[in-house]
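Since every read-out is calculated from the coordinates, none of them should be taken as a lab result. The structure displayed is predicted, hence computed values, not measured ones. Every residue, glycine as well, gets a Cβ built from its backbone with ideal geometry; the counts of neighbours run over all protein chains shown.
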């Protein structure tokens, strides 16, 4: 980093720390440790040993706009997909849709369908990874199991070797479909303004149809594991529905014309905590509905519903805070467009007491239901005769100026917004990422969990590892992709949890992988 | 920090070997990182520096990837030994410091470098599922200064450390290639 930039950065840090100290007496956030490649939860206890406040802090990506300035807009799907090793296809697709808008070109039907096919394949793979590797082990292996067992190997020990083999094989085949169209999974070269770069050869269709059939079976099998291992365990159901993990906020998700969930395209619909529609808008209108708020103690930008104004971290019918991601999408939609997923959706609300569901940990269940939808949607699209049309791109002719694009990333709504000069060179680039959209709810969830779980603590011996893991579970359910950048495994942000006593001395510290 | 030069980032090869029918070379150097996040590219830079000189060694293959976690399985399967080269940010040693964490210890401590987290679990998963996993996995991790700013150039400390990192990787690779 250049010295001048470093200095500006440090000054910002100092100001943030000063504001923080003023607000929270005696608490010093060490600026050196603030930017390690970790998310960080700092928990401050009062004299009784209860939680006074809990802060989630995360590293943020810097310099995105500067990096993009002057680059051809057509490079954005490649550049933005490189930002994140976790959601490359989500960024690629949001950027591609942004280019459609920028060049005022509607993709051909086949181009659009191929994009949606690839996109659902990506969502299915990503969700499966989260369920089996990242978030699921909390339940399948147990929230209080030793960290060394709370992983995919522990999952296999519980549900059988078959799970491991199926995850590996299915993931490989799903990625082959993405690579067929995009060349590379991590840096796909699929999307072009007005369509895609490659058509589906009819000779290859049977193989992909077989994959989609197997994918539906895999997703349904996963749903059954969820039922058998998690829903049949009363302790887990109690955990999922506990007040500790519950917030009454608004929810945002993309829907089609019948208000059914769609990952790739549609309008964004927001419902309030009672399930009433608050607004419905296109990507073009996102700035009328979404604004960002900053807090002195975090690098995160907290988005909120602009017409309602920032009201702080509050819940209830008038809150301006909203959630995104699997649970939010199910809450914001009236249903799912495929039969098996629709049945699972109805079972979900029947079991959890109607819409909307406010339990953060229900995200895990919602994610598995979305796996079923994504797999069925793949099959639907592959059954569409237009999917093999060679007419996959409409070449744009308009002069570019401004474009906005949105998709539902696995973790939630993702906005891209670019402006260019008349040659199509970027003059402004902005992203609002899923974890930003979820930031306020995540912060509330972490604090709520900390307050509920940590009580009357006077020394470190009273804080078993499993307890802190239960605080982290509030965070992990969102599958957060912090920094939207480096130092994140798929949804697997290393997290440092520190607990400070009433005298502000460190009681204990744990680092989770 | 990099200004907005409208150059394209270098190309990264991130797909597994294209031709699965050809058995992979037994020893793999795998550079990990992100080539547009400043120092996060150090693992890729080490791989690039060694690719040319090792191209003719029939025992060693040099690859780069921006992928993480379970995706590493695609690279590890079928190798006898693997050297992973990656960025790390412990905050406890100066940028440019070379570290050689043991994958198992690493995960037991649960800290540091998320690209590498999951290496032991990935190995265990592969073995459990009957896949041919490497007997030896070494990690060369280089302490970095800035992985959060978008840019295609290393910070000065990391640029200065690159030759030493390359030399260390060369030595570790030779050890892996010569081991029985």
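Taking 2.2 N^0.38 Å as the expected size of a compact globular protein, what ratio does the Cα radius of gyration of region A:146-272 give against it, to two decimals? Present the calculation step by step, with values, prior to reporting the outcome.
Numbers: Rg = 19.5 Å, N = 127, 2.2 N^0.38 = 13.9 Å.
It is 1.41.
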Over chain A: helical MRE at 222 nm, DSSP H runs n ≥ 4 each giving -39500 (n - 2.57), nearest 500: -13000 deg cm²/dmol
Rg/Rh (Cα only; Kirkwood hydrodynamic radius) as it applies to region A:202-251: 1.29
Distribution of pairwise C-alpha distances over region A:440-481, 5 Å bins, in %: 5, 24, 31, 19, 13, 7, 2
Whole-number D in µm²/s for region A:331-488 (Stokes-Einstein; Kirkwood sum over Cα pairs; 20 °C, 1.002 mPa s): 109 µm²/s
Mean separation of Cα contacts under 8 Å (6+ apart) over length of region A:84-230, as relative contact order %: 32 percent
Ranked packing of A:210-216, A:400-406, most packed first, by mean Cβ within 10 Å: A:400-406, A:210-216
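Over all directions, how big on average is the projection of the convex hull of the alpha-carbon atoms in region A:376-423, in square nanometres?
5.3 nm²
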Directionally averaged shadow of region A:301-365, computed from the convex hull of its alpha-carbon atoms, nm²: 5.3 nm²
Partner chain coverage, peptide B:68-80 - average Cβ within 10 angstrom: 4
Region A:346-408 - convex hull of alpha carbons, volume per residue in Å³: 147 Å³
Cα-based equivalent ellipsoid of region A:246-351: semi-axis lengths in Å, sorted from largest, via gyration tensor: 25, 16, 12
Relative contact order %, region A:112-162, counting alpha carbon pairs below 8 Å whose residues are six or more apart: 26 percent
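Report the equivalent ellipsoid semi-axes for region A:115-211 in whole Å, largest first, defined as the square roots of five times the eigenvalues of the gyration tensor built from alpha carbon atoms.
On the way: eigenvalues 218, 42, 16 Å².
Result for region A:115-211: semi-axes of 33, 15, 9 Å.
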Angle in degrees between helix A:339-352 and the longest Cα principal axis of chain A, rounded to the nearest 10: 20 degrees
Chain A: angle of helix A:161-182 to the longest principal axis, Cα-based, in degrees nearest 10: 50 degrees
Region A:291-339 - Rg (one decimal) and Dmax (whole number), Cα, Å: 13.8, 47
Shielding of A:68-74 by partner chains, average beta-carbon count, 10 Å: 3
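May I ask for the Rg/Rh ratio of chain A, computed from Cα atoms with Rh as the Kirkwood radius, given to two decimals?
0.96
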Most to least packed among A:285-295, A:112-122, A:162-172 [average Cβ atoms within 10 Å]: A:112-122, A:162-172, A:285-295
Peptide-level mean, for A:129-141, of C-beta atoms on other protein chains within 10 Å: 1
Average Cα contact separation per residue, chain A, under 8 Å, 6 or more apart, as relative contact order %: 26 percent
Principal-axis tilt of helix A:109-129 within chain A, Cα atoms, nearest 10 degrees: 30 degrees
